[in-house]
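The values are calculated or read from the model by the stated rules, or taken from the named source; none is laboratory data. In this text, all values refer to a predicted model and were calculated from it rather than measured experimentally. All Cβ positions, even for glycine, are placed from backbone atoms using ideal geometry, and neighbour counts span all protein chains on display.
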Amino acid sequence: MLTRKLAIQALADERAGLPSPYKTAQFPEPFRTLRAALQAQGPAGCEREWLLALLNAPDGKRILEELSAAQVGALQRAQGGAEADGAYTPLAELAAELPPVTWLWRGWIPRGFISLLGAAPGMQPPPELGARPGRVIYVDAEYVPQLAVARAGAWGMDMSRLFMLLPEPGRYFMDFCGAMDRDRLTEMVYALEPELIVVDSLSSITSAGENAVDDIREVLGFLNQVAQIQPCGLLLIHHLRKRSAALPASEELTIDDFRGSSHIIAMSRSVLGLSRVRAGGFPRERNGPRRLEVVKTNLGQLPEPLGVTFEPLEAGAPGALGAPGVRLVYGAELPEPSGPPTKATACAELILELLAEGPLPPKAVVEAAREEGYGRDTVYRARRALEGQVRNTEGCRSPENLWERVG
């Protein structure tokens, strides 16, 4: 079956005296009737039949206009003019117009494409990944500008080069499903010509969700276009899934660890993952080393992973929101892992992830852990091992007692 465009062009070509490779049965109606009239009456006598056939058609007038326009090109080809495939550009011609792939951080963050950084909630490093000085736009969709100010000040960053895009006053959220926030970011990019755009985070910039292709296709397409304006690096912060007992959290990351639709991974040319490194046994050091790695890239070989450590700031230096200050140090040597975790240690990691969002009743933790394959005894064994990292808000026998993370 021919498309509408192919059917119209075939009729125009045949009326201009050009050969047609198609059979009448391949034409949909009303074009099949027009083809039969053309073959029966000839190019000169078919016009009246065409007018009668299209008189009562819903878009008969539009079809006649499209036929007339197509006949102009058909007559040119019949007289030795333009080639029939002139509307299609071969790769050889495209290659001469396309810019080469360039890098903000070679092997890690390309310019003009989406780079995705996935980590467990609360583990994302701030945007100091750029390889050269330049302006940075930080899309703070989670609306905590105080945290960005505190970190930038503690680390001696040049805040005159860091520009925040925050929700509009009175809104408290950002939505790239609509035109307003898209336009605001687009205008900032044209005005500032940044080296890097950081979007924090994917779940906070869309009201449509992230689990279906239709939910995030339009938002990711917009971000891809924004990255090409300059072009600049675009780092999209995202969250990892909670792992089950069969996939403990200390194993190396894969693309299956990233939350939401697989289209998120497909649209990202470079996918980075940040995970804790198990070293020195259990319980795991919460401020211990991290592993930063490229999980997927379309642009070359995977670079070697980098160690990320927390380096204490000098005494008296302020940290984020007044807490003891640390600086993230990239390129540190990765410590040797202490081996695969037991089921109890993997369950403990799940408990810490659950409590990262706030205190919970023990019963709620047990129910969430059961869905991931852990029994009640395993949960309480893991809870005892987390003493010092997790505490009771009331007595352990109190019905009002909650488990909460320390610090």
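This table checks each residue for (1) within 30 Å of Gln228 (Cα to Cα); (2) at pLDDT below 90.
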{"position": "Asp59", "(1), (2)": "no, no"}
{"position": "Gly73", "(1), (2)": "no, yes"}
{"position": "Gly81", "(1), (2)": "no, yes"}
{"position": "Ala95", "(1), (2)": "yes, yes"}
{"position": "Pro126", "(1), (2)": "yes, yes"}
The residue from Ala344, Ala348 that alone is in contact with a helix residue (DSSP H, G or I) (Cβ under 6 Å, 6 or more places away or on another chain) and either at pLDDT 85 or above or not in a helix (DSSP H, G or I) (or both) is Ala348
Within the stretch 154-196, of all residues that are in a helix (DSSP H, G or I) and of a type in the set (Asp, Glu), the one farthest from the chain's Cα centre (by Cα) is Glu187
Output for Cβ contacts, cut-off 8 Å, separation at least six or different chains, first residue assigned by TED's automatic domain parsing to the domain that holds Glu357 and closer than 22 Å to Leu355 by Cβ in the stretch 242-264, second modelled with pLDDT of 95 or more and part of a helix (DSSP H, G or I), reads none
Scanning the stretch 355-382 residue by residue, the ones that are hydrophobic (A, V, I, L, M, F, W, C), assigned to a helix (DSSP H, G or I) and out of contact with any helix residue (DSSP H, G or I) (no Cβ under 7 Å at 6 or more places or on another chain) total 2
Restricted to the stretch 1-44 and to residues being outside any loop (DSSP other than H, G, I, E, B) and charged (D, E, K, R), the residue surrounded by the fewest Cβ atoms within 10 Å (Cβ to Cβ) is Lys5
